[in-house]
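Everything on this sheet refers to the single structure shown next.
The values are calculated or read from the model by the stated rules, or taken from the named source; none is laboratory data. Everything numeric here is computed off the predicted structure, so don't read it as measured data. Cβ coordinates were reconstructed from backbone atoms using ideal geometry, including for glycine residues, and neighbour counts include every protein chain displayed.
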Amino acid sequence: MRRFLPALLVLGAVAAQPAWAQKHCVAPADQTAFEVQALRTHLRVLAIHCADESRWSSFVGKYQADLTANDKAVTAWFKRRFGGRGQQEADRFVTDLANAISTGDTVLGGDLCPHDGTMFVEAMMLRSGADLAPYAAAKDLIPASVEICPGERVPAEKPAAKLAAAKH
């Protein structure tokens with residue numbers, strides 16, 4: 001059973017992707033790029049907060065080509081979506097990720113390093129860069145506070161509107 005648990009976690013994360021993507025205006029194919037970007041940002045914040053540049057360097061060294069391609073995919077998505085503001089929006093997304101992760105350190109009472117430090121070990125144990133996306137998806141690293149498509153949230157219905165709709 002222990003062998004199947006990681007596979008089930010990854011499968012569950014992959015199955016949940018379309019719902020998340022629709023909610024955030026991202027196609028499922030693009031979702032993996034955002035998940036990997038969140039993993040990269042999370043590990044970078046860990047390296048800075050935990051003064052662990054050697055683990056960061058090892059991670060980047062092992063997955064350099066995959067991370068570079070992923071950065072290009074994320075930036076390309078923002079450029080398609082926002083045109084001339086694309087690079088600015090991509091930078092905002094990464095900054096928002098980093099800020100939200102850093103804020104998580106405060107919520108954990110400064111325990112970010114011991115709490116998430118094993119992520120470096122786990123990431124380095126992946127067989128290849130192709131395993132980054134399912135690993136990141138299973139970790140669910142994009143905080144709810146980080147918006148990919150600002151201004152596109154559907155406004156909540158007012159209670160009176162819901163009541164009127166229920167009567168019909």
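Applying the condition of being outside any helix (DSSP H, G or I) and over 16 Å from the mean Cα position of the chain (by Cα) to segment 116-145 and asking which residue is modelled with the lowest pLDDT yields 117.
For segment 58-95, a residue qualifies if it is more than 19 Å from residue 132 (Cα to Cα) and hydroxyl-bearing (Ser, Thr, Tyr), and exactly one does: 95. Of the numbered criteria (1) surrounded by fewer than 18 Cβ atoms within 10 Å (Cβ to Cβ); (2) modelled with pLDDT of 90 or more, the one residue 6 fails is (2).
For segment 113-127, filtering for residues that are loosely packed, with under 11 Cβ neighbours inside 10 Å and in contact with an Asp or Glu (Cβ under 8 Å, 6 or more places away or on another chain) leaves 0. Scanning segment 9-60 for residues that are modelled with pLDDT of 50 or more and of a type in the set (Phe, Trp, Tyr) yields 34, 56, 59.
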